[in-house]
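The values are calculated or read from the model by the stated rules, or taken from the named source; none is laboratory data. If you're wondering where the values come from, they're calculated on a predicted model, not measured in any experiment. With ideal geometry, Cβ positions are generated from the backbone for all residues, glycine too; neighbour counts draw on all protein chains shown. Only protein heavy atoms, including side chains, enter the accessible area calculation; ligands, DNA and RNA are left aside. Shrake-Rupley method; radii C 1.70, N 1.55, O 1.52, S 1.80 Å.
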Amino acid sequence: MQKTVKTLHQPIRRAARWALASILLVGGAIWVATPAHAQGADIFKGADLALGEQLIAEHQCVQCHTSKVGGDGSAIFKPQGKFNTAGLMRGMVEMCNTNMNMGMFPEEVTAIAAVLNRDHYKFK
């Protein structure tokens, strides 16, 4: 009986997670786009890069992304037309956090995004 209840709630939970992720992503895009809050990579100032590296390894981000795009997984970086600011890229990390139910704190998401910016995106 309990398994049936869980099965029935899975699509609802999945839809709720996607809705929340969309709201966070759009909200982040609006926040980044407003002149008063327009920021570049300075949103990563003070980020704990060692923590970001540790979390990327711990959550097996590379393995997950490799399974999605193949090869060495690097094709996932800078997807055409997806985002072009540090804030939007950080929003994508937050979306992974939400969708995968990782439970990371904002500073942990920022730490991961800072590592990705350093290694792949290089937003100024």
Subject >> Among the residues listed as F83, F77, the single one being open to solvent by less than 40 Å² (accessible area, probe 1.4 Å), closer than 14 Å to H120 by Cα and of a type outside the set (G, A, S) >> reply: F83
Original post:
Out of the range 70-95, which residues are assigned to a helix (DSSP H, G or I) and modelled with pLDDT under 85?
Top reply: S74, A75, I76
Subject >> Conditions (1) under 13 Å from V109 (Cα atoms); (2) open to solvent by 40 Å² or more (accessible area, probe 1.4 Å): number failed by M95 >> reply: (2)
Subject >> T98 vs. criteria under 20 Å from R118 (Cα atoms), modelled with pLDDT of 80 or more, within 16 Å of the chain's Cα centre (by Cα) and polar (S, T, N, Q) >> reply: no
Subject >> Tally, over the range 60-82, of residues that are closer than 25 Å to D42 by Cβ and touching a residue at least 24 places away in the same chain (Cβ under 8 Å) >> reply: 3
Original post:
Residues of the range 43-69 being in a loop (DSSP other than H, G, I, E, B) and open to solvent by 90 Å² or more (accessible area, probe 1.4 Å), which ones?
Top reply: K45, Q60
**OP:** Output yes when any residue across the range 53-66 is more than 19 Å from K122 (Cα to Cα) and either at pLDDT below 80 or in contact with a strand residue (DSSP E or B) (Cβ under 9 Å, 6 or more places away or on another chain) (or both), and no when none is.
**Re:** no
Original post:
How do the pairs read when you match residues in the range 94-112 that are acidic (D, E) with residues anywhere that are modelled with pLDDT of 95 or more, using Cβ under 6 Å and keeping only pairs 6 or more apart or on different chains?
Top reply: E94/V109; E108/L55
